[in-house]
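In what follows, a structure is listed as structure tokens, so that the remarks can point back to it.
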Amino acid sequence: MHLKTQGRLAALLGLVVIFAGTQSSINSIEKEQSLFGIESPIDRPVPVPPEILRLLDSDVRVVKCLGIKGIRQAPGTWYTTSEIHLNDRKQADFVVLPKEACLFGANIGPIWVFGRTEKSFEILLKTDALGIEILKSKTNGFRDIKGVQATAIKTVEATFKYDGHRYVSVQPENVH
């Protein structure tokens, strides 16, 4: 085989490998979980990063639970966590749901969404809800999030949009 032909084959093989890797990455993001409910399991749970555990320990509801339990720090077993990609395919963000009973309210619980900063993580959204859905639509480069609360009388949905720093609620809708 000529050296020129070998070079072309190597370049072609390289492109195939790059495309396959990119396609695999895109497919895994498209397959990632987008519906999260406080009463539903996470499809592919991951451990809560230690930095996020420290941030959660300052949450009002968690602080109250810590006081009830008589402990200083919540263990990772209090939560179930999933990676999600809100704005960048290379950067993992995290959805955190409660597992500890004292964190739950009546048919709702806290749901936290964390994003990575240069050095650690920051809370992008905290809502008390029955569940959230990570939408395909985006605002300021981040995927929108829909939250759902249900009472005996009505169901309320709110859409959260990224304002450049964190998620903010737009007008909630009564669904019934």
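FYI, it's all coordinate maths here, none of it is from the lab. All values derive from a computational prediction rather than experimental measurement. Virtual Cβ from ideal backbone geometry, glycine too; neighbours counted across all protein chains shown.
At a glance:
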read-out	value
Close pairs (8 angstrom Cβ cut-off, 6 or more residues apart or separate chains): touching a residue at least 24 places away in the same chain (Cβ under 8 Å) in the range 106-123, among the hydroxyl-bearing types (Ser, Thr, Tyr) and in a loop (DSSP other than H, G, I, E, B) anywhere	107/151
Pair list, Cβ under 9 Å, 6 or more apart: the range 69-86 residue on the phi > 0 side of the Ramachandran plot and in a helix (DSSP H, G or I), other residue surrounded by fewer than 16 Cβ atoms within 10 Å (Cβ to Cβ) and not aliphatic (A, V, I, L, M)	none
Sole exception among (1) under 19 Å from residue 148 (Cβ atoms); (2) polar (S, T, N, Q); (3) assigned to a loop (DSSP other than H, G, I, E, B) for residue 58, by number	(1)
